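Below: one structure, written as structure tokens.
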Amino acid sequence: MPKIKLNGRVLEVEAGKTILQVASENGIEIPHYCYHPKLSVAGNCRMCLVEVQGMPKLATACSTPIMNSPPARKIDGEFDMVINSKSEEAAAAQKSVMEFLLLNHPTDCPVCDKAGECRLQDYSYGYGRGYRRAVEEKTPKPKKDLGPNIALYTQRCILCSRCVRFCDEIVGSHELAIANRGCHDEIVTYPGKPLENRLSGNVADICPVGALVTKDFLFSARVWNLKKTSSVCSGCSAGCNIQIETMAEKIKRIQPKNNENVNSYWICDDGRFGYNEIQDAKRIKYPRKKDQSGNLSQTDLKTAIAEVVEKVNSLKKIYKPKAIGFLGSAHASNEENFLLNKLARKIVGSSNVGLRAAEITNDEVVFKSGFKIYGDKTPNRFGAKVILGSENAQEIYEKIKNGEIKALFLLGGIPETGFLPHEEEIFSKLELLVVVDYLDSDLTQSADFSLGGKNYFEKQGTFTNVQERVQKFNQAVSSQGSFVSDVEILQELMVAFDKSWKEIAVSEIFNQLAKENEFFRGMTFYKLGQEGMLKQ
Amino acid sequence: MATKTISVDIKTVKNDVYLVEIFKGLLLTLKHFLKIGAKSAYLAPTERRAGKLSTNNRATIQYPEEKWVPYPQYRGLHRLNKDEQDRTKCVACEMCATACPADCIFIEAERSPWADEFPNDPKREKHPKIYEIDVLRCIFCGFCEEACPCEAIELTEIYDFAAYSRENAVYDKEKLERVYDLTKDGKFYQEGRKLDFEF
Amino acid sequence: MDAFTQNLIFTVLKIAFVLTFTLLGVTMVILAERRFSAFIQDRLGPNRTWFGGLGQSFADGIKLIVKEDVIPNHVDRLVYLLAPVVMMTPALMIGAVIPFGATIPSGELWLPLLGANLENLVLQIANINVGILYFVSVTSIGVYGIVMGGWAQNNKYSLLGALRASAQMISYELPLGLSVVAVVLMAGSLSLGEIVKVQQEGFWFILNFPAFLVFLIAVFAETNRLPFDLAECEQELVAGYHTEYSSMKFGMFLLAEYANLITSSAFIVTLFFGGWDVPFYDETAHGLAGVLLSVIVFAIKISFFVFLFIWVRWSLPRFRYDQLMHLGWKRLLPISLATVVGTAILMVLFKDLYH
């Protein structure tokens, strides 16, 4: 392995890696714009120029590989390469490059949405000159619309071509290109073909300056005011890692979080912009009850649960525990399904447990890099299946139709959906329908008791994605609807049925689940960490 | 640093008797009481700044009738500056809110109605939908003024803006722009103007 | 009408006059203190209420009366409630022995209802022959108010204030008494009426300047005025003995303080400045008008000393406590002793000059 000296540090690294990779792995900052670990090396921003001893000119760190040198030519008799990114020459180059990049940059940081997380700002502060020498007018380049989600502030662009390479290499849609020459260079789309691929939001993330912006986030907040919560996307069964950025209890944007096992640096636009519908959905604030004439009335959780328990106990006496059905949800977390399963099998004593989930769609897309949007739009189908021991809800539906099941506990959580197809007709045969769902939908309105709940931005838990990876999602905002989460409601129910149950926190529930369920064995909530865990 | 010891003999007869010094002091205060030689002490600046000379040459300013005119660098109530076409200069960059040590500025941005008039100046594309300053929280440090890249927020000379309710002490965009109208010539107190809001 | 009824009526009238004078005087003195201090500091002071601020004290009084009366939970309730009364009463009682005008000859009284056989009307509520002893004893009762107030509040600042006040009172009572002895030696009587009369016939006792000086300084200390107001010094004790008093109870402490100021001034005038004596004028010469003049002159003399009190307060810094004790015991006491002895010797030497 080559022995190198990088900024005075002696390192032994693999040959073939680039200087920039080695530097970032070892915590040495080399400024760069156009290099992105998941994109091909372009070497066009020239910001990463470093001094390599023995080379006639400065070399770009992003494209210069680490190499062995023959023993006779080793520097100081031992080093294969001696690299310095802080030498006088390198610093002068960085300063000059910054000046070139800023020649035509409007420096409208006060209104730029990138301000605060902008490479140009950071490097200008760290490596730049600090003042402008040019007296010439800047070339005006007006703002452009690139597509339904993305706008381009052309003048801010430094032409690093990250977005172009992203569309070429990751998406494979080749929508963007650089046109014109010299200072008139700009990012363009092909005429009549806007940037509308399903990963388009990512170009705003990888843009090192404020040129590409999502229209969704434009003007909505300054980034340093955002509170960041790492979480997992619930849009499909991929379980992409995301970062929910909120301000004043409102979600302002969702950004991808790097997890090489799942989504790399990307998320799709469905997950990125989908929060609006979930956030703005009509919600249940208080538990609701339907009386015999069909009128809905507001009640409190304690009374509602007491009445539910009373009714279930009387039904249990008339029929048998078997007459009580339970439907878990592929949209609910592992913990919620676990509690429902426990309530069914241990406390009520009924084995009629099913899994309710939205149908798998055929909306499955695989992009050039292998990034996949799944047709299964449930975040936790696999986890729910493992916990509930049931594939679907068909069996329960049949039993309701047959009259074997008279009462049903149902976990909701399907976004924007109340009844699934045929459910309204089937459920009308029930004597008691208890729903735990945050939406104010036709389902919760026809339920005898609708106990409320929180949406997944407002609660904590774990999902098991399609790769069977268990990942944590966290509470990002406080509840806009019900004040108690689904887990708390379920535990209240369990306590009402069985006084020996003690209410515990989500992490404790997961740890208990890990103890009891074969699939989750060996995991703990803490051990899930940032990357999640596969079956041990 | 070397310490210098100074010895002062306080046990002199003069000090011990003390009465002489008492009479000297009494004479001094009597001089002020009778307005002899008191004028030059601090009345000159007041005389210069106030429209009228204060009653009886005393330093007191008879507030509602006569008002002190602050010095130009005085930090009083805020204002939001407007350009020559009455459009707010503020671009909602939240630099003031970020710099504010009392966290009293709240801003919500949106696309400005005049964005299309400035195709080559992206700064004017944004303006504040909501701009609120809670003057009860404000400590009048002037950091907002200093942070502002567009010279949009400034502290004016106005010092008498007590309110009867907390709501009225929150200055929104309209109020702050009205303050600009009243103070743009810097002669708020000279001209005897008043804030015409609900207090 | 018999002599008893006549005396009764006149005494009640005199009491009413003295009380009204003292209480109205207090409001004026408070206003004067605020405005004069303002003038000394080149300010204006309260000048809005009524005619140029005359109503300020009344407005403050109304405010103090209608203000919520807070009695803290931790206080010794009985003593707490009693303290302002104990403070206030002696301050008003002192006025009883002060002669405030020349005697009205019987012929001059135009009061037809009262009939004939009128006696001469002495303008003094009680012309007792131990007036000075009465003064000394009653003023020292006032300190009980302070001590009680300080004790009752169960609070270290108040207690310290009270302790300071009592120690100070004991220390300055001695020079005060001794300088009065000098006056008594000169007058040959303990009766205040007699003292004034002697001064009227001879010379004012201000000629005994050391005695006057000691008395003046001691009175400053007795009334807890700056530079001797260590009982309530703000920097150290919040507000001293009345820290936890509010509303009119606090107002009574304030009232007592200023009533003491007036009566003390009256005493200084009586003992050293001839009381109601109008210099180079025979008060009996023009009947009632002369008497009236003597009363006015007496009030003017008091006003001067009230002004002196205020003037000194806003000119001098506060003493440190050890300086206070040092002054009291090591300076004033010897001086007053020497004054007594010196006065006595002079009295013996120039006996004929006087009596």
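Bear in mind that the values in this text are calculations on the coordinates, not laboratory data. Quantities reported herein were computed from a predicted structural model and do not represent experimental measurements. Neighbour counts run over all protein chains shown; Cβ positions are idealised from the backbone, glycine included.
Before moving on, here are some points about what is shown:
- Screening B:Asp116 against (1) of a type in the set (D, E, K, R); (2) over 27 Å from A:Leu226 (Cα atoms); (3) part of a loop (DSSP other than H, G, I, E, B) leaves a single unmet condition, (3).
Yes/no matrix, rows are residues, columns are (1) touching a residue at least 60 places away in the same chain (Cβ under 8 Å); (2) crowded, with 19+ Cβ neighbours inside 10 Å:
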residue: A:Ile66; (1), (2): yes, yes
residue: A:Ile83; (1), (2): yes, yes
residue: A:Ala92; (1), (2): no, no
residue: A:Pro106; (1), (2): no, yes
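- Residue satisfying all of: in the stretch C:15-66; charged (D, E, K, R) and touching a residue at least 12 places away in the same chain (Cβ under 8 Å); nearest to C:Pro99 (Cα to Cα) among these: C:Glu33
- Filter result (within 14 Å of another protein chain (Cβ to nearest Cβ) and surrounded by 15 or more Cβ atoms within 10 Å (Cβ to Cβ)) within the stretch B:148-174: B:Cys148, B:Pro149, B:Cys150, B:Ala152, B:Ile153
- So A:Ser390, is it of a type in the set (Ser, Thr, Tyr), in contact with a Pro (Cβ under 9 Å, 6 or more places away or on another chain), in a loop (DSSP other than H, G, I, E, B) and surrounded by 15 or more Cβ atoms within 10 Å (Cβ to Cβ): no
- Within the stretch A:316-332, considering residues that are in contact with a helix residue (DSSP H, G or I) (Cβ under 8 Å, 6 or more places away or on another chain) and assigned to a loop (DSSP other than H, G, I, E, B), the one surrounded by the fewest Cβ atoms within 10 Å (Cβ to Cβ): A:Ala330
- In the stretch C:168-183, of all residues being crowded, with 21+ Cβ neighbours inside 10 Å, under 16 Å from C:Met347 (Cβ atoms) and not hydroxyl-bearing (Ser, Thr, Tyr), the one that is nearest to the chain's Cα centre (by Cα) corresponds to C:Val180.
- Exactly one residue out of A:Lys193, A:Lys215, A:Lys250, A:Lys285 is surrounded by fewer than 22 Cβ atoms within 10 Å (Cβ to Cβ), among the basic types (Lys, Arg) and without any contact (Cβ under 8 Å) to a residue 60 or more places away in the chain, and it is A:Lys193.
- Put simply, of B:Cys96, B:Cys144, B:Cys90, B:Cys138 the only residue that is surrounded by 16 or more Cβ atoms within 10 Å (Cβ to Cβ), in a loop (DSSP other than H, G, I, E, B) and within 14 Å of chain A (Cβ to nearest Cβ) is B:Cys90.
- B:Phe118, sole failed condition from (1) within 12 Å of chain A (Cβ to nearest Cβ); (2) out of contact with any Lys or Arg (no Cβ under 7 Å at 6 or more places or on another chain); (3) surrounded by fewer than 17 Cβ atoms within 10 Å (Cβ to Cβ); (4) not acidic (Asp, Glu): (2)
- Residues within the stretch B:147-168 that are among the hydrophobic types (A, V, I, L, M, F, W, C) and not in a loop (DSSP other than H, G, I, E, B), tallied: 3
- Flag if B:Ala109 is facing another protein chain (nearest Cβ under 9 Å), part of a strand (DSSP E or B) and of a type in the set (A, V, I, L, M, F, W, C): yes
- Qualifying positions in the stretch C:285-303 - in contact with a helix residue (DSSP H, G or I) (Cβ under 9 Å, 6 or more places away or on another chain) and surrounded by fewer than 15 Cβ atoms within 10 Å (Cβ to Cβ): C:His286, C:Leu288
- Some residue of the stretch A:108-123 being away from chain B (no Cβ under 14 Å), farther than 27 Å from B:Ala152 by Cα and not charged (D, E, K, R): yes
- Residue match in the stretch A:219-229 (condition: away from every other protein chain (no Cβ under 14 Å) and either part of a helix (DSSP H, G or I) or exposed (fewer than 15 other Cβ atoms within 10 Å of the Cβ) (or both)): yes
- Residues that are within 16 Å of C:Leu216 (Cα to Cα) and touching a residue at least 60 places away in the same chain (Cβ under 8 Å), drawn from the stretch C:323-339: C:Leu324, C:Leu327, C:Gly328, C:Trp329, C:Leu332, C:Leu333, C:Ile335, C:Ser336, C:Leu337, C:Thr339
- The criterion of at least 1 residues that are within 22 Å of B:Gly25 (Cα to Cα) is met by the following helices (runs of 4 or more DSSP H) wholly inside the stretch C:316-355: C:321-325.
- Any hit, the stretch A:6-27, residues being in contact (Cβ under 8 Å) with a residue 12 or more places away in the chain, in a loop (DSSP other than H, G, I, E, B) and buried (at least 22 other Cβ atoms within 10 Å of the Cβ): no
- Residues within the stretch C:150-163 that are surrounded by 21 or more Cβ atoms within 10 Å (Cβ to Cβ) and out of contact with any Asp or Glu (no Cβ under 9 Å at 6 or more places or on another chain), tallied: 2
- Some residue of the stretch A:485-497 being of a type in the set (Ser, Thr, Tyr) and touching a residue at least 12 places away in the same chain (Cβ under 8 Å): yes
- Number of positions in the stretch C:186-197 that are surrounded by 20 or more Cβ atoms within 10 Å (Cβ to Cβ) and over 20 Å from the mean Cα position of the chain (by Cα): 2
- Near pairs, Cβ below 7 angstrom, 6+ apart or cross-chain, from the stretch C:302-322 (more than 10 Å from every other protein chain (Cβ to nearest Cβ)) to any residue that is in a helix (DSSP H, G or I) and of a type in the set (Lys, Arg): C:Tyr321/C:Arg164
- Residue within the stretch A:443-462 that is assigned to a strand (DSSP E or B), over 19 Å from A:Leu340 (Cα atoms) and touching a residue at least 24 places away in the same chain (Cβ under 8 Å) present: no
- Number of positions in the stretch A:272-315 that are polar (S, T, N, Q) and not in a helix (DSSP H, G or I): 6
- Taken together, the criteria place A:Ala496 among residues that are outside any loop (DSSP other than H, G, I, E, B) and closer than 27 Å to A:Glu404 by Cα.
- Only a single criterion out of (1) under 27 Å from A:Gly116 (Cβ atoms); (2) part of a loop (DSSP other than H, G, I, E, B); (3) away from chain A (no Cβ under 14 Å) is not satisfied by B:Glu198, namely (1).
- Members of the stretch C:35-60 that are crowded, with 19+ Cβ neighbours inside 10 Å and more than 11 Å from chain B (Cβ to nearest Cβ): C:Gln56, C:Ser57
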